[in-house]
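Colleague: Below is one structure. I have some questions about it.
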Amino acid sequence: MNIKNYLFLILFLSVFFSCKIFKKNNTSKSNAVAINLDTVETVNKTVEQLKYYGSNTRISDILHTKLEVSFDFEKQYLFGNATIKARAYFYPTSTLTLDARGMEIKQVSLLQNEIMKTEGIGVIDTAATISKKPLKYTYTNDIITIKLDKEYKNTETYSVFIEYIAKPNELKNKGGSDAITDDKGLYFINPLGKEKNKPQQIWTQGETQSNSVWFPTIDSPNERMTQEIYITVNKKFTTLSNGELVYSSDNEDNTRTDYWKMDLPHAPYLAMMAIGEFSIVKDKWRDKEVNYYVEKEYEPYAKNIFGNTPEMLEYFSNKLGVPYVWNKYSQVVVRDYVSGAMENTSATLHGQYLQRTDRELLDENNEAVISHELFHQWFGDLVTCESWSNLPLNESFATYGEYLWEEYKYGIDAADFHHAESRNGYFSETTRKIEKLIRFNYKDKEEMFDAHSYNKGGQVLHMLRKYVGEEAFFASLKLYLESNKYNSVEIHNLRLAFEMVTGEDLNWFFNQWFLSAGHPELLIKKEYDSNNNKQRVIITQIQNSEPFQIFKLPMAIDIYANGAKVRHKIVLTKASETFEFDAIIQPDLVNVDAEKVLLCFKLEEKSKKELVFQFKNAPLYLDRYEALTRLSIEDKDSLSTETIISAMDDKFWNIRVQAISQLKNRVLGYEKKIKEKLINLISTDPKSDVRSSAIIYLANFYTDDDLQQVYKNALNDKAYSVLRAALGAISKTNPKESLRITKEYENAKSRDVLTLVAEVYANYGSDENNDFFINAADKFTDYTKISFVGFYGLFLKNVLKEETVTAGVELLKSIIEDPQTNKWGAYYAKNSIKEVELMYDERLSKTIAKLKDLKEQKSANEEIKKLEDLIDRQKLLKQKIAETYNGLKDPRQPK
Ligand SMILES: [Zn+2]
């Protein structure tokens, strides 16, 4: 699963709410929307709360599940017939226990004389040959306990038939987490067809244990089964499931039955269905189908969005030495998805945010999500963590898959940049919690889906790769995949594969990084001894040794002297250790952790000269990034200033962006040079982030008339982020012009552009622009609703007419009450109403003060009367808004 959407949300919100360029002078109203998307709570743990979670004991083993399903959209029911072929796992048993959450069970029987028909030709009609013998069962606490007709040994198989109705909306035991905001397993989208701009769909979400809402099963990651699903739907719908679409057959009642068959075993949580009016865009990898299911509107862009998938399949297959095993790979985009994306076997499901036009893709291509889910097809689907305690075996790898793809496709700098962002995600979470990667004690399994299992795990795998070396790393992964395929694993399976390949005991590495918590903090000091021609490096581990350990840290130290670089490999094993190297002259730079792989904090003094040298000579992204961000422009030192300016020509885009942000202000003596460089970047840089950063910097610090033309030209830029920056720049000196241009985009289809329109109106608009918000509200769906309600709140604070405010508050209220609005959308809409109420408080006190003045000045009665009327109206309106706010019933407060 991918929780990237949260990261994306944070980025998105910070871009749209905190960017300087749209702030009016002397006002911080853009800050009025306080963004705090920390979705992880600090848990005060007590021994009672933290139950031990091992893997589920395997009493029975499901071999195969056959499902026949049809739906009632109105009631949001699934009618199902399940045939479950099972056997005792090892010890004989006369009971079969199945998870079945919130179902109505119609019958449970044993199939006699049954031969599972899996050839897949013709609709199965087994009534003639198979008899059903009713079985006794109990159904309590979402568990069916079936009494079989006798005790079965593990050499005998039997088949149980269950007729049931799944009622996902009537579930009693609801769960969910921050990564997965709901756990009802089966979702009907726009079931009654009443919601404008929203297609009707059905889709499922199995992880962690939600598939047992729509079929009875042993809902545990250490279970494995093959499956067949017969899906009967209205003919207008397309279906997708795991495995192969064997056939479709039309029925007489305007429905069609699609028969999906999955021959290779996988865990029940990876089973899926998606149903909707999708366009299927076909692609191919080797002899396998690679299909993209999108809404019709996005059909022309499907290859722009997903088109690198076959290349990813080829790369991952070769790099791992284990070709992609499943029969096809499909990706589907659905509405109102509850997470980022889900790696269902051979059929990944994505949230709506993945649907972007070719122009929107210029700013964000989401390939990290695409590569993450694809890598899961090996790590997660082919080899599955045996319990949620071992979740990093799925998620750390998927996160590292993002790195591997970036490295291969876009180069080491792009990969290291992505990796560094991910590392920051982990560090940011450590301010709230520090956990072991493999955790057997937790309050709720959903807690496992955090920046430890994902981000830290990815960092740890990278360290392991650097430690054992490229060939050993991938040979170990190949061995691990091949010896555990179609099976479940725990962390030791991974260690044993690495030990088998490298011949080295790796308990220390796995104990330190997977089974213990924390990370090192290093104080690094350097001394040059000119008497003995020695360079010393003293490294001290300053992390709290309680509860954290002293780490064993292999690393490289590069010493640059005399125009040459010498690499030394060291292993730090003590709390403090001194390393000594020959050095005939004092080195230009001693680069500790030269491969920039250690997951640690470093405290290390470096002179300006060393930093400049590092920027120019050390090879990695993080070498340059660290040097650049530690150099400062304020000191007027031409060496560091010139280095920062030269960084605007760096080969990697984020270094160019950082260089611009490092300028911070106008740079005396360099104004002309910088301006020319930036103008050049705006028209030539291939990366939209660089172009928009250049515009934002110029608009903030330069007022030259000739720049207006530069901004106007930038309005033609294909990337919307650049258009946004250009509009912001024009707004600074000519808000009217910016409003005029914005109006042209009011009917755009792109949600990025509509958000941009909302932003300009929020900052510079007036009552007349309210129509835009009223008409466009429905077009903002999923995460874009959050920015919509935020900007609308800002807008309403600036308008003057009472009817605009009244209509606005009503719209916000309806958004909150709409069950389709996600919890963040509802939360910020509520905030916006409060903001408007507070604004009226302010206006009211101002009017009251003004009235007092007028009375003191003995002004004309007529004027006084006018103000008194205004006060009455303002009071009334404020009261109405307060009543609306207080009357809001919204249980969906974000955690
Ligand atoms: Zn994942």
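The values are calculated or read from the model by the stated rules, or taken from the named source; none is laboratory data. Nothing here was measured: the structure is a model prediction, and the numbers come from that model. Every residue, glycine as well, gets a Cβ built from its backbone with ideal geometry; the counts of neighbours run over all protein chains shown.
Residues are listed down the side, and each one gets a yes or a no for (1) of a type outside the set (Asp, Glu); (2) free of Cβ contacts under 8 Å to residues at least 60 places away in the same chain; (3) more than 30 Å from residue 381 (Cβ to Cβ); (4) part of a strand (DSSP E or B):
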residue: 537; (1), (2), (3), (4): yes, yes, yes, yes
residue: 549; (1), (2), (3), (4): yes, yes, yes, no
residue: 566; (1), (2), (3), (4): yes, yes, yes, yes
residue: 577; (1), (2), (3), (4): no, yes, yes, yes
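Colleague: Six or more apart or on different chains, Cβ atoms under 9 Å: show the pairs whose first residue is in the stretch 384-396 and within 20 Å of residue 419 (Cα to Cα) and of a type in the set (Gly, Ala, Ser) and whose second is within 11 Å of the ligand (Cβ to nearest atom) and assigned to a helix (DSSP H, G or I).
Modeller: From residues that are within 20 Å of residue 419 (Cα to Cα) and of a type in the set (Gly, Ala, Ser), the pairs are 396/453; 396/454; 396/457; 396/458.
Colleague: Restricting to the stretch 304-323, name every residue that is within 24 Å of the chain's Cα centre (by Cα) and either more than 16 Å from the ligand (Cβ to nearest atom) or surrounded by fewer than 24 Cβ atoms within 10 Å (Cβ to Cβ) (or both).
Modeller: Listed by number, the residues that qualify are 304, 305, 306, 307, 308, 309, 310, 311, 313, 315, 316.
Colleague: Follow-up question, since we're still on this one. Tell me which residues, restricted to the stretch 637-672, are closer than 16 Å to residue 611 by Cα and outside any helix (DSSP H, G or I).
Modeller: The answer is 637, 650.
Colleague: Can you find a residue that is within 16 Å of the ligand (Cβ to nearest atom), surrounded by 20 or more Cβ atoms within 10 Å (Cβ to Cβ) and not hydroxyl-bearing (Ser, Thr, Tyr) anywhere in the stretch 492-500?
Modeller: no
Colleague: Filter the stretch 394-430 down to residues that are buried (at least 19 other Cβ atoms within 10 Å of the Cβ) and charged (D, E, K, R) and give me whichever is nearest to the ligand (Cβ to nearest atom).
Modeller: 395
Colleague: Yes or no: residue 359 surrounded by fewer than 21 Cβ atoms within 10 Å (Cβ to Cβ), within 30 Å of residue 297 (Cα to Cα) and basic (Lys, Arg)?
Modeller: yes
Colleague: Of all residues in the stretch 519-533, count the ones that are exposed (fewer than 13 other Cβ atoms within 10 Å of the Cβ) and in a strand (DSSP E or B).
Modeller: 2
Colleague: Another one. Residues in the stretch 444-457: is at least one in contact (Cβ under 8 Å) with a residue 24 or more places away in the chain, more than 16 Å from the ligand (Cβ to nearest atom), over 18 Å from the mean Cα position of the chain (by Cα) and assigned to a helix (DSSP H, G or I)?
Modeller: Taking every residue of the stretch 444-457 in turn, none turns out to be in contact (Cβ under 8 Å) with a residue 24 or more places away in the chain, more than 16 Å from the ligand (Cβ to nearest atom), over 18 Å from the mean Cα position of the chain (by Cα) and assigned to a helix (DSSP H, G or I).
Colleague: Please tell me if residue 477 is hydrophobic (A, V, I, L, M, F, W, C), touching a residue at least 24 places away in the same chain (Cβ under 8 Å) and part of a helix (DSSP H, G or I).
Modeller: yes
Colleague: Report the residue count in the stretch 370-393 for those that are over 14 Å from residue 457 (Cβ atoms) and either among the charged types (D, E, K, R) or near the ligand (Cβ under 9 Å from one of its atoms) (or both).
Modeller: Here the count works out to 3.
Colleague: Here's another thing I want to ask about it. Which number in (1) over 15 Å from residue 360 (Cα atoms); (2) outside any loop (DSSP other than H, G, I, E, B) marks the one condition that residue 746 misses?
Modeller: (2)
Colleague: Let me ask another. For the subset of the stretch 324-343 comprising residues that are more than 16 Å from the ligand (Cβ to nearest atom) and more than 29 Å from residue 477 (Cα to Cα), which member is modelled with the lowest pLDDT?
Modeller: Only one residue tops the list, namely 336.
Colleague: Let me ask you something else. So in the stretch 856-886, with the set limited to residues that are of a type in the set (Gly, Ala, Ser) and not in a helix (DSSP H, G or I), which one is surrounded by the most Cβ atoms within 10 Å (Cβ to Cβ)?
Modeller: 859
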